[in-house]
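Accompanying notes for the structure given below.
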Amino acid sequence: MEVAGDDDDYYYHENISFNFSYDDYPALCEKADIRSFAAIFLPVVYAVCLVVGVAGNALVVTVYAYHKRLKTMMDAFLTHLAVADLLLLFTLPFWAADAARGWELGELVCKTVSTCYTVNFTCCMLLLACISLDRHLAFARAQERDQGSWLQRMFHRRHCWKVCVVVWATALMLGLPDLILSEVRWGSNRNMCMAVYPSSMARGVKATLETVEVLLGFLLPLIVMVICYWNVARVLKSLPVESRGRKWKALRVLLIVVGVFVITQLPYNVVKVYRMMDSVYALVSHCGTSKVLDTAAQVTESLALTHCCLNPILYAFVGTSFRQHMTKLAKRFGERRRRRRRENPAEEEGMEMSFNSHSASQATDTFSI
């Protein structure tokens, strides 16, 4: 993770002319105000994300872990997504402490936390693409279309673990540079955990890696979402008039899913691309512009992290399969409570809450369209 504003203060040229004077020497761009803003803003945002995100994702993991066996690929994707969200959220206290006081935990923890952040952030985005593709294929199966396609064969429950392994392996590969290059360096009167690239290939390698991260962590999931949900929306619009209510409800779900992804991820990736281009072509030559860019990076990256909190709501809680699992889990706890009361008749009887059981999860139930 690169915390904008924690970079070394740098020198820049206000004006370059052939008539040199003392005013033409580089001036120091002091970023103490940017670091002060980060020391307050980032810990507060990270604390909110941690509390809300851990509560929602932990519930998802608990529900699916209690049922032990994941019946559909969607169940598996949601479980892996919740685990990746949790691992990503657990790195936030370290970055909050880094923003407030600098890095004080040593190089080993620096490498571990940096790698975990990159791996799980990328994994979350790739899993969102898998969920979109799975929903599209499930809808196609329900319409009895493309039954023999290679995607239909690959996105089958017996191949689920292979797809998840590919996703995690891809994310791990993108996390290797952080594992290898992350170091603790002294700068701006504090220790900083940052990736240090060899001087001979710093610009090219860093730009290449960030380009790959943008492609796999934003453009690929976005393209898959748009294509898959557009195809689903076209079929929904052609349904009979009598099913119009359910049709528009499903379309609203699709629009919300894509809209939230674009709103939370697009600003962060735009700033990331601009910073990457600046590292190669030196686009920023004024201190004020650099400060604005650093502040934008802090705000947009925090916005991107809020997606970890929204994932359980967007994908798990709106799905009938997950609600069925939660209902069964609550019913089992209720039955255990009644058994304990029967075993202890002297205990005061309270009002019992019953839950209606539902049928077993079908292949197209969770995050249903």
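Please treat every number below as a calculation from the coordinates, not as lab data. For clarity, every value in this text was computed on a predicted model and none was experimentally measured. Please note: Cβ atoms are built from the backbone with ideal geometry, for glycine as well, and neighbour counts cover all protein chains shown.
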### Task
Find how many whole Å separate the alpha carbon centroid of the range 148-172 from the alpha carbon centroid of the range 39-103.
23 Å
#### Entry: Mean projected area in nm² (Cα convex hull; one quarter of hull surface) for the range 27-109
8.0 nm²
### Query
What is the local net charge at Val163, summed over the other residues whose Cβ is closer than 15 Å to its Cβ (Lys, Arg +1; Asp, Glu -1)?
+3
#### Entry: Inter-probe distance in nm under a simple model that places probes 7 Å from Cα toward Cβ, at Arg203 and Met173
2.7 nm
### Mean-position separation - Cα centroids, the range 207-225 and the range 327-341, in angstrom
46 Å
### Query
In the structure shown, do any of Lys111/Lys291; Lys31/Lys272; Lys111/Lys206 have a Cα-Cα gap over 23 Å, and if so which?
Lys111/Lys291
### Task
Estimate the FRET efficiency between Val260 and Trp186 by the formula 1/(1 + (r/R0)^6), using the beta-carbon distance for r and 41 Å for R0, to the nearest 0.05.
0.55
### Query
How fast does the range 28-338 diffuse by Stokes-Einstein, in µm²/s, taking the Kirkwood radius from C-alpha pairs at 25 °C and 0.890 mPa s?
115 µm²/s
